[in-house]
1. Would a scan of segment 62-71 turn up a residue that is under 13 Å from Phe129 (Cβ atoms), at pLDDT 95 or above and hydroxyl-bearing (Ser, Thr, Tyr)?
2. Among residues belonging to segment 493-525 that are within 16 Å of ligand 2 (Cβ to nearest atom) and in a helix (DSSP H, G or I), point out the one that is most open to solvent (accessible area, probe 1.4 Å).
3. Is it true that Val202 is at negative phi, assigned to a loop (DSSP other than H, G, I, E, B) and under 33 Å from the mean Cα position of the chain (by Cα)?
4. Out of the helices (runs of 4 or more DSSP H) lying entirely within segment 379-468, which hold 2 or more residues that are of a type in the set (A, V, I, L, M), within 16 Å of ligand 2 (Cβ to nearest atom) and open to solvent by less than 60 Å² (accessible area, probe 1.4 Å)?
5. Would you check if there is a residue in segment 80-94 being among the polar types (S, T, N, Q) and either out of contact with any strand residue (DSSP E or B) (no Cβ under 9 Å at 6 or more places or on another chain) or in a helix (DSSP H, G or I) (or both)?
6. Looking at Ser183, Ser124, can you tell me which residue is modelled with pLDDT of 95 or more and either open to solvent by 10 Å² or more (accessible area, probe 1.4 Å) or assigned to a helix (DSSP H, G or I) (or both)?
7. What is the one condition in (1) touching a residue at least 40 places away in the same chain (Cβ under 8 Å); (2) of a type in the set (Gly, Ala, Ser); (3) surrounded by fewer than 17 Cβ atoms within 10 Å (Cβ to Cβ) that Ala585 does not satisfy?
8. If Asp361 satisfies every condition in (1) in contact with a Gly (Cβ under 7 Å, 6 or more places away or on another chain); (2) outside the structural domain of Leu474 (by TED's automatic domain parsing); (3) acidic (Asp, Glu) but one, which is the exception?
Amino acid sequence: MRRGVVTRTRLILGVFLVFMLVAPLVLPEFQITLLNYIGLYSIVALGLVLLTGIGGLTSFGQAAFVGMGAYATAYLSTVYGMSPWLTLIVGLVLTFAVSLFLGFITLRLSGHYLPLGTIAWGISLYYLFGNMEFLGGHNGISSLPAINVFGLELDTGREFNYLIWSLVLLALLSMQNLLDSRSGRAIRALKGGGLMAESFGVDTARMKIIIFVHAALLASLSGWLYAHLLRFVNPTPFSINAGIEYLFMAVVGGAASVWGAVVGAGILTVLKQWLQDLLPKLLGQSGNFEMIVFGVLLVLLLQRAREGIMPLAVRFFPAPEKLLPPLAQELTRRARPAAGEMLLELKGARKSFGGLVAVNDMSFAMSGGEILGLIGPNGAGKSTVFNLVTGVMPVTGGEVHFRGERIDTLSARAIVPRGLARTFQHVHLLPAMTVLENVAIGAHLRGSKGVISAALRLDRTEEAMLLAEAARQLARVGLSASVHEQAGSLALGQQRILEIARALCADPVLLLLDEPAAGLRLQEKRALAELLCKLKSEGMSILLVEHDMDFVMKLVDRLVVMDFGEKIAEGLPKEIQTNPAVLEAYLGGVK
Ligand code: ADP
Ligand code: MG
């Protein structure tokens, strides 16, 4: 790190720490209360930054989990006299179980059904709090004990402030660690739809559950704090309205940085307070007018700054120093196939979509070290063959074998670790992530550390190895200069090459490329062809799906030609060039 440059992270952290130490000593009571609330809300909003902002799963129901943490401690500490520290654990365990269950049923829902689902259980839990006799009905539970820290009773807002903000800081830092890891990359890949992540072995359903439970636990923690700060709970603060406000906070802060949660919670809390004071004076009567103003402001924000406030705010700080990943021990590599070893074999593979037979009785084989071109006019069924081989779609009939093992019965996720990696016809990148991070996703299955190790920073050795591998593959394809650029800022040709580096990170023995040359300029095509030749000379086997005949002719060892879902020819490039059926398909066909 260059001396004299204060990195963004350290600067924010430093300012934050000083403020949090000094503020409770000097601020008046009223502002301390406000600060306490901001802290409580930040913890919930942080969960939503992860779940909604980063993971793309919208939840309106977070307030119910806050209520769960609050009611668990209220009930157990007043009725059974349990220590609040113990009730915290019970509350978290309860929230864990309930959110796991709710996650299993709601995260299967797609599109807008998911937010609707969260509204449904958000409302149900709210009414449950109010209707349960033993929870005090709508009057709630009062006289909760104060939290005791090392013999000190936290019975004033001023003291409580330190506890709240210490926990905010812990939650923020562990979340930051989590996002900067193997699991973090997998989580950030969810928003793009998950196909790419699954193709590199990420269990996307599991990742969704993990972030859902994580967000619920943070909400529950906030509820526990809330209950002991007020020493009283009733159902009102856990309604769906509160759930919507939490979501506002996460959206306003934005997902660009975990600090967005604090910024969002701060802005909304202060603004709400301010509007509650101001609006009745302006309008001459009281009512919940601030909600209307909030609504308008949110719409404006979504139009002007979709990514929230944080991307605007961070511009004022120097960007963090970018370093190449340190040299690390190399990851283990799988055994290479011998030249000529049978790699991939299709036996009468068939795929129909309703009445349309996209792939009909396709059989071909390829062996180790070979570059096989699969060509044909648009709509011939090439991508469908590709999807059958990579497990994205199940076959309707026939079989696919890879290195002597039947793979057409396996999912995409189970096929990658067998040594097959792919690129996409339409690039699937995470544009806001760096080139290096994007490529490291390819190595997902070569690491094993999970979210807890990541949050506690126990994954650093493995992480260094994964990033070093990504850097190595980027060097191999000639993209070293762009390691720290945002993937979205690369030209299309480079994005395609990035995808090849990502596939190489999976340590494949067979690389499947779907129309890598489509949309490229001549020079980009040349660079790509050079790269593929280089990979071949290193012993890589490649199945190249292409539309562009000229591009493949010089590259491949053999060709399989498809038209209308069927194989119409197979042979050496020069044989194919003069094959009448092929000429007919290309010249008299779709074009
Ligand atoms: P290619 O990659 O050779 O251009 P595809 O494999 O993409 O061709 O498509 C082959 C045929 O299958 C086309 O007629 C296409 O419309 C159809 N097809 C492909 N995917 C689907 C799908 N998911 N659902 C229905 N039809 C599809
Ligand atoms: Mg295609």
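1. yes
2. Arg496
3. When the stated conditions are applied, Val202 passes them.
4. 382-389
5. Yes: one or more hits.
6. Within the list Ser183, Ser124, the selection yields Ser183.
7. (3)
8. Asp361 satisfies every listed condition except (2).
The values are calculated or read from the model by the stated rules, or taken from the named source; none is laboratory data. Note that the coordinates shown come from a computational prediction; the quantities given were computed from them, not determined experimentally. We place every Cβ from the backbone using ideal geometry, glycine too, and count neighbours over all the protein chains shown. Heavy atoms of the whole protein, side chains included, go into the accessibility calculation; ligands, DNA and RNA do not. Shrake-Rupley method; radii C 1.70, N 1.55, O 1.52, S 1.80 Å.
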